[in-house]
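First up is the structure itself, then whatever we jot down about it.
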Amino acid sequence: MAYLGNISQISIGTSDLAASLDFYQKLGFRIVDQNTRPNPWAQVTDDTILILLNEDNLQYMGFTYFNLQMAEIVTKLKSKGMPFVQEVAHEGKPMQAIFSSPSGFLISLINYDNSKMFQPSGKTLADVPESEWNDAPAPNPHLGIFGELAVPVKDLDEEIAFWEMIGFEVRKFGGPYPWAIGKDGQNIIGLHQTDEFDTSAITFFAKDMANKIAVLKEAGLDSFEAFGGTGGNNDANQVVHSPEGQRFFLFSF
């Protein structure tokens, strides 16, 4: 089990669940669970990542981990000096605790029995040897293969220390700017010390990404723009924006 838990999701706030669901379904995601309590929400997956879309009129995104050992994990993190942004209890029982990385990326721990929760098991780029990336599979036929949740950071070494402390295995790279990949068996985080982008982005890769982008545009998605950073400014490396403001990087190998 990962340090924070063995069931998790990427949680995203939206003000219009119906519009967000329409967008994600066009990207190749399907609904695996939904409800209207305590407010409308839906879990969607492409069988490689799991995303919660939560209609609560707040704009946020981050990792959420579920398990019944939340209180023990919070105690361990506090013993290491971790400050918490918010803690919620019900009748004296800890229910949720939220903390953040140095760059402000949110991580939420939920006290919940995860035994019946869906968890995707499809391959991500982390499962493919680097020598085979050019021939990587396309688990999501609309987007290719999930690579990372890319996060811009100011101090890469500080971020690496944080993610390693919470159980991520981190590998550091050196070009075209300092960056690293962290993974904990549940999630893949890309840490980028750069000014080429300024908000977190869900990142997919495909050898034929230009063709995939063209198909998505034909399907009615019109919120594309060329990625302006390294390797960008072309039809094969684009950014698409969801209705709630989440960015997807769609890159070619």
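The values are calculated or read from the model by the stated rules, or taken from the named source; none is laboratory data. Quick caveat, the model's predicted, so the values are computed rather than measured. So basically every Cβ, Gly included, is an ideal-geometry build from the backbone, and we count neighbours across all protein chains shown.
Which residues, counting only those in the stretch 53-78, are among the polar types (S, T, N, Q) and surrounded by fewer than 19 Cβ atoms within 10 Å (Cβ to Cβ)?
Asn57, Gln59, Gln69, Thr75 - these are the residues of the stretch 53-78 that are among the polar types (S, T, N, Q) and surrounded by fewer than 19 Cβ atoms within 10 Å (Cβ to Cβ).
So is Lys116 touching a Phe, Trp or Tyr at 6+ places or on another chain (Cβ under 9 Å) and without any contact (Cβ under 8 Å) to a residue 12 or more places away in the chain or not?
no
Can we say Ile213 is under 15 Å from the mean Cα position of the chain (by Cα), closer than 22 Å to Leu50 by Cα and either small (Gly, Ala, Ser) or surrounded by 15 or more Cβ atoms within 10 Å (Cβ to Cβ) (or both)?
So Ile213 fails the test.
Please work out if Pro137 is in the same structural domain as Thr199 (by TED's automatic domain parsing) and free of Cβ contacts under 8 Å to residues at least 60 places away in the same chain.
Here the answer is yes, as Pro137 does meet what is asked.
Could you give every pair whose Cβ atoms fall below 7 Å, whose first residue belongs to the stretch 150-179 and is farther than 17 Å from Ser100 by Cα, and whose second residue is of a type in the set (Ser, Thr, Tyr), counting only separations of at least 6 or pairs across chains?
Pro176/Thr230; Tyr177/Thr194
Exactly one of these conditions fails for Ala2: (1) part of a loop (DSSP other than H, G, I, E, B); (2) at pLDDT 95 or above. Give me its number.
Here Ala2 meets the rest and fails (2).
To keep it simple, each residue is scored yes or no on (1) of a type outside the set (Ser, Thr, Tyr); (2) under 17 Å from the mean Cα position of the chain (by Cα); (3) surrounded by 14 or more Cβ atoms within 10 Å (Cβ to Cβ).
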site	(1), (2), (3)
Ala161	yes, no, no
Met165	yes, no, no
Glu169	yes, yes, no
Lys172	yes, no, no
Pro178	yes, no, yes
Gln186	yes, yes, yes
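If a residue must be closer than 20 Å to Asn140 by Cβ and out of contact with any strand residue (DSSP E or B) (no Cβ under 6 Å at 6 or more places or on another chain), how many such residues does the stretch 186-220 contain?
So the answer is 11.
State which residue pairs qualify: first residue in contact (Cβ under 8 Å) with a residue 12 or more places away in the chain and inside the stretch 69-83, second residue in a helix (DSSP H, G or I) in any location, beta carbons under 7 Å apart, and separation of 6 or more residues or different chains.
Lys80/Met165
Name the single residue that is nearest to Glu72 (Cα to Cα) among those in the stretch 7-30 being of a type in the set (S, T, N, Q) and either outside the structural domain of Leu106 (by TED's automatic domain parsing) or buried (at least 17 other Cβ atoms within 10 Å of the Cβ) (or both).
It comes out as Ser8.
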